[in-house]
There are 2 protein chains.
Amino acid sequence: MTQSSEDTLKIAQQAFEHFQHGLATAEWQGFLNMLTEDFKFWFPIGKFHGWNQGKEKAREFFHYVSTAFNQGIKLTSLDRITSNQTTVVFEFRDEGLLLGQPYKNRVAVFFDVRGDKICAYREYFGSDGKS
Amino acid sequence: MTQSSEDTLKIAQQAFEHFQHGLATAEWQGFLNMLTEDFKFWFPIGKFHGWNQGKEKAREFFHYVSTAFNQGIKLTSLDRITSNQTTVVFEFRDEGLLLGQPYKNRVAVFFDVRGDKICAYREYFGSDGKS
């Protein structure tokens, strides 16, 4: 069954709201509820660099992010959304304190949508995290 | 005047072919010919970190890329294209020798299309360039 671009966008936007809430508050359950069991994600650097498989791994990852940014990450600007029937891309800027040091980044996250869930996530960095 | 998603995709794909050719051969004129005069681009790191304005700056940048990768950069996989009426996103992997050292990256490039030209380009990295 194919789904419309509008449905895909709507689901991804719901997930993105939960994602943003998770970044700010470390409460990730709402976001995790929207992931398929076979969810996979790509992260650019560090312990989770590369492809990671499964919802439990995702839970571990987002907990790790919130531990590193223990005062939360604030999304300062949602610059652009590009989407089609299967994928929605959010380009945004964020900032916070990473292990106590000021951190700013420009990020592109890709959500692949299947039905009313997110089945894959890919993150790309537009900056080096320092400015 | 609005343009169709199909036209936008077609123009961006032409530009991407020239872009790929430029990476491989250091011949950038075909790509540069497809940029608007007010073209702007975002690059994540180094000398060109941040927003850069104008076609001449673009010429300087792509020359700089080809100097750093003087044996060319090979696109090893075009993983996904996501697009709408104004923007086309290419997710790909590439590799080459950066100042003589093996380099691999996963990259997302965003082309904003106006008419039959590219008016903006944003690049994001999905890896740290080492693996």
* **Checklist (1) assigned to a strand (DSSP E or B); (2) open to solvent by 70 Å² or more (accessible area, probe 1.4 Å); (3) within 14 Å of chain A (Cβ to nearest Cβ); (4) in contact (Cβ under 8 Å) with a residue 12 or more places away in the chain applied to B:Gln85, failing item** => (1)
* In the range B:66-75, residue nearest to B:Thr8 (Cα to Cα) [restricted to those that are surrounded by fewer than 17 Cβ atoms within 10 Å (Cβ to Cβ) and either under 15 Å from the mean Cα position of the chain (by Cα) or not polar (S, T, N, Q) (or both)] -> B:Lys74
* To do: Assess whether A:Asp79 counts as being among the acidic types (Asp, Glu), free of Cβ contacts under 8 Å to residues at least 60 places away in the same chain and open to solvent by less than 70 Å² (accessible area, probe 1.4 Å).
  => yes
* With the condition kept exactly as written, say whether any residue in the range B:102-118 is at pLDDT 95 or above, surrounded by fewer than 18 Cβ atoms within 10 Å (Cβ to Cβ) and assigned to a loop (DSSP other than H, G, I, E, B). => yes
* Subset of the range A:42-59 [within 18 Å of A:Val107 (Cα to Cα) and either among the aromatic types (Phe, Trp, Tyr) or open to solvent by 20 Å² or more (accessible area, probe 1.4 Å) (or both)] -> A:Trp42, A:Phe43, A:Ile45, A:Gly46, A:Phe48, A:His49, A:Trp51
* **Filter result for A:Phe31 (within 30 Å of B:Thr86 (Cα to Cα) and away from every other protein chain (no Cβ under 13 Å))** => yes
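Look through B:Phe92, B:Phe16, B:Phe62, B:Phe39 and report the one residue that is crowded, with 16+ Cβ neighbours inside 10 Å, in contact with a strand residue (DSSP E or B) (Cβ under 8 Å, 6 or more places away or on another chain) and either among the polar types (S, T, N, Q) or in a helix (DSSP H, G or I) (or both).
B:Phe16
The values are calculated or read from the model by the stated rules, or taken from the named source; none is laboratory data. Bear in mind that the values here come from a model prediction, so they are computed numbers and not experimental data. Glycine gets a Cβ as well: all are built from the backbone with ideal geometry, and neighbour counts include every protein chain shown. Surface areas here come from the heavy atoms of the whole protein model, side chains and all, with no ligands, DNA or RNA. Shrake-Rupley method; radii C 1.70, N 1.55, O 1.52, S 1.80 Å.
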